[in-house]
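Structure first, commentary second.
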Amino acid sequence: MYQSPIIRKVKEATKIIDPMKKDLEPTLLDFGPVQFYIPRFFGFCYGVENAIDIAYRTVAENPDKSIYLLSEMIHNPTVNEDLLKRGVKFLFDTDGTERIPISSLSSEDIVIVPAFGTTIEIQELLQEVGIDPYQYNTTCPFVEKVWKRGKQLGKKDYSLVVHGKHRHEETRATFSHSADHSEVVVVLNPEEAQILADILTEDRPLSDFEKYFGHKSTEGFNPLEDMIRFGVINQTTMLATETQRVMDILKEAAIKRYGEADIIDHFAETSDTLCYATNENQSATLALAETDADVALVVGGYNSSNTMHLVEILEHEFPTYHVRDKGELSAKRIQHFNQWDKEMKQTDSWLPSNKNPLKVALTSGASCPDVLVDEVLLQVLEYFEGTKDVEEVIKPFEDKLEAEEAN
């Protein structure tokens, strides 16, 4: 139900043209007075598709049961609102605030674990009322991969540094699973990683740890003792380049403290935990940023971490607007989310009037259905006269698909 007649064909055709996924060149959709640059990778990833498939199948197969989501299935309001309309209820808000007590549920009820996963504590609460938290578990396989890698390190007496937003559902879940076997601290960005690095090398006082990290670390965490052996894992929706910078900063600190010759005994290489879909989407967005676009539209939920990172990449190159759906657009003004001020803003005359053709970079977050991107594209087309028909622009992609099927 979330597939689209336009974007789906572009994606499927580019898969045929570039089966090895080596070409990051954006696709140009030329409608005459307005053109759209479409990145090689964007939108639904495997983890999100899998979560949605399980959720909708569960609802369809259990019409007479009470069905609950722990929290938002994914960070996309369209999907979550549709599930609510189908009778699904949320047990928690995204910040962890309880809506419905788990203790009020029975063993006959169904609880769906979202793509972000959940904490060990919540798993245990579900088990106490007779609900198997793994029966309808949509946790992304790449999130689980991070947990497994962390557990492997924990068995070897490593502490863990988590690169993520400590209030985000995924990071809360990763922290819980990691704290079950290791000492853990969360860092938000390279700047915080540098603070932690300076504490480790004693260029900052140990007292600074409590100031910056006391609220997001396991009790009694002492970097001078607990970071004798450590590794870095991440929230999978963070900028992969940032995670690598966090790793590099902390590795350098470990080298300074313990010496380069013995670094493998103190710092674990964990680059293999970076999510491939996040990497692909961000790499494709970097390629999109290199185009000569006049303006960029990024479609996705306003609490979607990976979507905000795409905005962050593009806004350095041209005016970039983060919108939920086509309802935020009009020819004269646009409503958009500003992640830095954390508020909705309105921009008038957002479409440059002196460009012919106007070139729009268009992409979306990993939790955004392609059909919403279609709707935004079609909405923008309405603001221009003399545009080519969608069928005409999409026909070359349809021809490629038909040729592939014929073979």
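Suppose we filter ALA51, ALA13 for residues that are closer than 30 Å to ILE122 by Cα, open to solvent by less than 10 Å² (accessible area, probe 1.4 Å) and outside any strand (DSSP E or B); which single one remains?
Step by step, each of ALA51, ALA13 is checked, and only ALA51 is closer than 30 Å to ILE122 by Cα, open to solvent by less than 10 Å² (accessible area, probe 1.4 Å) and outside any strand (DSSP E or B).
So the check is Cβ under 6 Å with 6+ separation or different chains; which pairs have a first residue in the range 112-131 that's over 28 Å from CYS45 (Cα atoms) and a second one that's outside any strand (DSSP E or B) and modelled with pLDDT of 95 or more?
So the pair list comes out as LEU125/ILE102; VAL129/LEU105; GLY130/SER107.
When you scan the range 20-34, do you find a residue that is at pLDDT below 90, in contact with a strand residue (DSSP E or B) (Cβ under 8 Å, 6 or more places away or on another chain) and not aromatic (Phe, Trp, Tyr), even just one?
no
What pairs come out if I take residues in the range 210-236 that are in contact (Cβ under 8 Å) with a residue 24 or more places away in the chain and pair them with residues that are open to solvent by 10 Å² or more (accessible area, probe 1.4 Å) and of a type in the set (Val, Ile, Thr) whose C-beta lies under 9 Å away, six or more apart or interchain?
Close Cβ pairs (under 9 Å, with a partner that is open to solvent by 10 Å² or more (accessible area, probe 1.4 Å) and of a type in the set (Val, Ile, Thr)) amount to PHE213/ILE195; ASP226/THR218; THR236/THR278.
Kindly provide the set of residues from the range 95-116 that are open to solvent by 50 Å² or more (accessible area, probe 1.4 Å) and not in a loop (DSSP other than H, G, I, E, B), ordered by number.
Selection gives GLU98, SER103, SER104.
If I filter the range 118-141 for residues that are part of a helix (DSSP H, G or I), crowded, with 19+ Cβ neighbours inside 10 Å, among the hydroxyl-bearing types (Ser, Thr, Tyr) and touching a strand residue (DSSP E or B) at 6+ places or on another chain (Cβ under 8 Å), do I get at least one hit?
no
Identify, please: which residue in the range 349-396 is among the basic types (Lys, Arg) and either in a loop (DSSP other than H, G, I, E, B) or without any contact (Cβ under 8 Å) to a residue 12 or more places away in the chain (or both) and is, among those, nearest to PRO26 (Cα to Cα)?
LYS395
Pairs, please: C-beta under 7 Å, at least 6 apart or cross-chain, first residue within 11 Å of TYR68 (Cβ to Cβ) and in the range 96-109, second surrounded by 11 or more Cβ atoms within 10 Å (Cβ to Cβ) and of a type in the set (Lys, Arg)?
The qualifying pairs are ILE100/LYS89; ASP109/LYS65.
Residues VAL146, VAL79, VAL161: which one is in contact (Cβ under 8 Å) with a residue 40 or more places away in the chain and either outside any helix (DSSP H, G or I) or of a type in the set (Lys, Arg) (or both)?
Exactly one of VAL146, VAL79, VAL161 is in contact (Cβ under 8 Å) with a residue 40 or more places away in the chain and either outside any helix (DSSP H, G or I) or of a type in the set (Lys, Arg) (or both), namely VAL161.
Could you tell me which residue of the range 169-193 is farthest from the chain's Cα centre (by Cα), considering only residues that are surrounded by 21 or more Cβ atoms within 10 Å (Cβ to Cβ) and closer than 16 Å to SER304 by Cα?
ARG172
Scan the range 222-259 for residues that are out of contact with any Ser or Thr (no Cβ under 7 Å at 6 or more places or on another chain), of a type outside the set (Lys, Arg) and farther than 15 Å from LEU188 by Cα and jot them down.
Scanning the range 222-259 gives ASN222, PRO223, LEU224, GLU225, ILE228, GLU252, ALA254, ILE255, TYR258, GLY259.
The values are calculated or read from the model by the stated rules, or taken from the named source; none is laboratory data. Not measured: the values here are computed from a predicted model. Neighbour counts are summed over all protein chains in view; Cβ atoms, including those assigned to glycine, are modelled from backbone coordinates with ideal geometry. We work out accessible area using only protein heavy atoms, side chains counted, and drop any ligands, DNA or RNA first. Shrake-Rupley method; radii C 1.70, N 1.55, O 1.52, S 1.80 Å.
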